[in-house]
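The values are calculated or read from the model by the stated rules, or taken from the named source; none is laboratory data. Remember, predicted model here, so these are calculated numbers, not experimental data. Positions of Cβ are generated from backbone atoms using ideal geometry, with glycine treated the same way; all protein chains shown enter the neighbour counts.
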Amino acid sequence: MVLKNKLSITTMISRINVFEKNQGVLKALSSLQMYLGKSPIEKNLLHLLYFRVSQLNGCAFCLDMHSKDLRAAGESEQRLYMISAWDEAPVYTERERAAIAWAEAVTRLGREGVPDNVYERALRSFTEDELIDLTVAVIAINSYNRINVAFRTPSGHYQPGQFQAH
């Protein structure tokens, strides 16, 4: 029991604040976000993808941020709660399901790559340009997740819209 408590306290201690320590990292990742800001893909769909990928990667900071941004944009609690079972939940459109399937496959990229059926499903709902944008979005959130998880970025303090350009 003592060991368990010791581990849980240790995992809560943040490490390097990468975005304060190295502004170049923030600038590089921000360029992807600026690109995606001009994408024709719905912003709530992108946040939904960010939320799901952050679940897969165990990124508390990003889960906090994207759940708050989604709720502020009018997303229902039900859809947030059901996203881990998205393919069985009737609350998602086929376009959303195709996007989430694509995001999961790209995030969990293995030796077999993205399965053909996932690619074909995505192409039925998205243009080739949109599919490229979805892939860039998955790359971006995976980058943020990996930085936040590796350096234990503290979570729970995000305010909706905090990182939007003014």
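Quickly run through segment 53-75 and pick out the residues that are out of contact with any helix residue (DSSP H, G or I) (no Cβ under 7 Å at 6 or more places or on another chain), surrounded by fewer than 22 Cβ atoms within 10 Å (Cβ to Cβ) and outside any loop (DSSP other than H, G, I, E, B). Scanning segment 53-75 gives Ala60, Asp64, Lys68, Arg71, Ala72.
Tell me which residues, restricted to segment 13-46, are among the β-branched types (Val, Ile, Thr) and within 22 Å of Leu70 (Cβ to Cβ).
Ile41
Could you say whether any residue in segment 107-115 is assigned to a helix (DSSP H, G or I), touching a helix residue (DSSP H, G or I) at 6+ places or on another chain (Cβ under 9 Å) and at negative phi?
If we filter segment 107-115 for residues that are assigned to a helix (DSSP H, G or I), which is where we start, we get 107.
This time we only want the ones that are touching a helix residue (DSSP H, G or I) at 6+ places or on another chain (Cβ under 9 Å), so: 107.
Narrowing further to those that are at negative phi: 107.
The answer is yes, given that some residue of segment 107-115 is assigned to a helix (DSSP H, G or I), touching a helix residue (DSSP H, G or I) at 6+ places or on another chain (Cβ under 9 Å) and at negative phi.
Under the condition of being in contact (Cβ under 8 Å) with a residue 40 or more places away in the chain, crowded, with 16+ Cβ neighbours inside 10 Å and farther than 18 Å from Thr127 by Cβ, the residues counted in segment 101-114 number 2. Taken over segment 12-37, the criterion of being part of a loop (DSSP other than H, G, I, E, B) and either among the hydroxyl-bearing types (Ser, Thr, Tyr) or at pLDDT 95 or above (or both) is satisfied by Ser14 alone.
A count restricted to segment 122-166 and to residues that are farther than 18 Å from Glu42 by Cβ, part of a helix (DSSP H, G or I) and either free of Cβ contacts under 8 Å to residues at least 24 places away in the same chain or under 15 Å from the mean Cα position of the chain (by Cα) (or both) stands at 9.
For segment 80-96, name all the residues that are in contact with a helix residue (DSSP H, G or I) (Cβ under 8 Å, 6 or more places away or on another chain) and either farther than 27 Å from Thr153 by Cβ or surrounded by 16 or more Cβ atoms within 10 Å (Cβ to Cβ) (or both).
Keep residues of segment 80-96 that are in contact with a helix residue (DSSP H, G or I) (Cβ under 8 Å, 6 or more places away or on another chain), which gives 80, 83-84, 86-87, 89, 91-92, 94-96.
Scanning segment 80-96 gives Leu80, Ile83, Trp86, Asp87, Ala89, Val91, Tyr92, Glu94, Arg95, Glu96.
For Ile147, are the conditions met, namely being β-branched (Val, Ile, Thr), modelled with pLDDT of 95 or more and under 15 Å from Tyr50 (Cα atoms)? Judged against the criteria, Ile147 is not a match.
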